[in-house]
Amino acid sequence: MDRQATLLQMAKKMNAAIAAEDWKLLAALNTLVAATLPQMAAQGQWSGAERAALAALHDMHRQAVRRCDLATEDLGRRLNEMQANKEGWLAYALDSEQADNGIQA
């Protein structure tokens, strides 16, 4: 497969992984890109079409990083909320367990 097609295929797969929020696939694609680009660059000068495909992959990679950052921030917020509500959940669980066992407080 030529370099242009390979770059475009990687960008397409990255776009699909972003849309699916498939973090494992994004990590694998990131590793693939990091390993593949130096090998491609060693093959010689990039054509105009190859540079355009490389730019498209670069843009898609930036989008993936942005999406991962947003997901990380969202997860952090949810974890903080869970930690803040921990005592209430524990009290509710204890009350529910006592009710299930017929124990009255």
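Below, the figures for the structure above:
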{"quantity": "Residues (in contact with a helix residue (DSSP H, G or I) (Cβ under 8 Å, 6 or more places away or on another chain) and farther than 14 Å from GLN63 by Cα) located in the range 15-36", "calculated": "LEU25, LEU32, VAL33, THR36"}
{"quantity": "Top-ranked residue in the range 4-43 [being exposed (fewer than 11 other Cβ atoms within 10 Å of the Cβ) and of a type outside the set (A, V, I, L, M, F, W, C); ranked as farthest from ALA55 (Cα to Cα)]", "calculated": "LYS24"}
{"quantity": "Within the range 53-67, tally of residues that are surrounded by 14 or more Cβ atoms within 10 Å (Cβ to Cβ), closer than 12 Å to LEU7 by Cβ and aliphatic (A, V, I, L, M)", "calculated": "5"}
{"quantity": "Residues satisfying the stated conditions in the range 3-60, i.e. without any contact (Cβ under 8 Å) to a residue 24 or more places away in the chain and in a loop (DSSP other than H, G, I, E, B)", "calculated": "ASP22, ALA42, GLY44, GLN45"}
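Every number in this text was worked out from the coordinates using simple rules, so none of it is lab data. Because the structure is predicted, anything quoted here is derived from the model rather than measured. Note: ideal-geometry Cβ built from the backbone for every residue, glycine included; neighbour counts use all protein chains shown.
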